[in-house]
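Chemist: Supplied in structure tokens, the structure appears directly below.
Values quoted throughout were computed directly from the atomic coordinates according to the rules given, and no laboratory measurement underlies them. What you see is a predicted model; the values in this text were computed from it and never measured. All Cβ positions, glycine included, derive from the backbone under ideal geometry; neighbour counts span all protein chains shown.
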Ligand code: E4P
């Protein structure tokens, strides 16, 4: 199971990388805007900086919504660094663009996926990753984790190579549920990843071990 961090914040990316468990990064235009990154050149430089920090795939999202625009933008993003994965929305022209990039051997992440049917199309087009948004489904009282399990089942049944990248993760428990559902990858904010570390019995146990050591050793 791969762990991606879902942010464009350089400090958080470095912290996750330092932990030694990071396999990649996902970004989107909202996450870039949150960091105040604006202008095409600045955005491209930011992607390059992220690629220098991490070892794995870095998703960079196109903002075009037409086929020609996505191809032009995706090719320019992919040329920035070998770790760039072109992130493309699940729309008709997006499916065509994924097929184009897949045929060229370029990595793609099909984003804004909310149904098994959309995931099936992404796999047929040859997407490297498919990103079902579980938190946003939970927000509208749908079950995001059930969707992950459904897509994993379908992909396994037919042997699709597309990796299921569970996105829109809101908390630590989502990560555990995605692991149980068989997601290949999770992308999560740093606090959700760090939440995996925590258990009160770990803290209490460590405190007792150290107290016992210091009782005898000063
Ligand atoms: C990542 O690929 C997605 O863009 C991201 O996880 C969306 O998360 P959100 O629903 O919290 O905005």
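Chemist: Just checking, how many residues over region 123-135 are within 14 Å of the ligand (Cβ to nearest atom) and either farther than 19 Å from residue 69 by Cα or surrounded by fewer than 18 Cβ atoms within 10 Å (Cβ to Cβ) (or both)?
Modeler: 8
Chemist: Shifting gears a bit: Take the residues of region 136-149 that are assigned to a helix (DSSP H, G or I) and within 25 Å of residue 65 (Cβ to Cβ): which is farthest from the ligand (Cβ to nearest atom)?
Modeler: My answer is 147.
Chemist: Out of the residues in region 182-201 that are away from the ligand (no atom under 16 Å from the Cβ) and within 29 Å of the chain's Cα centre (by Cα), state the one that is farthest from residue 131 (Cα to Cα).
Modeler: 200
Chemist: Restricting to region 150-173, and then to whatever is touching a helix residue (DSSP H, G or I) at 6+ places or on another chain (Cβ under 7 Å), farther than 26 Å from residue 197 by Cα and not in a loop (DSSP other than H, G, I, E, B), can you tell me which residue is farthest from the ligand (Cβ to nearest atom)?
Modeler: Checked region 150-173; the qualifying residue farthest from the ligand (Cβ to nearest atom) is 154.
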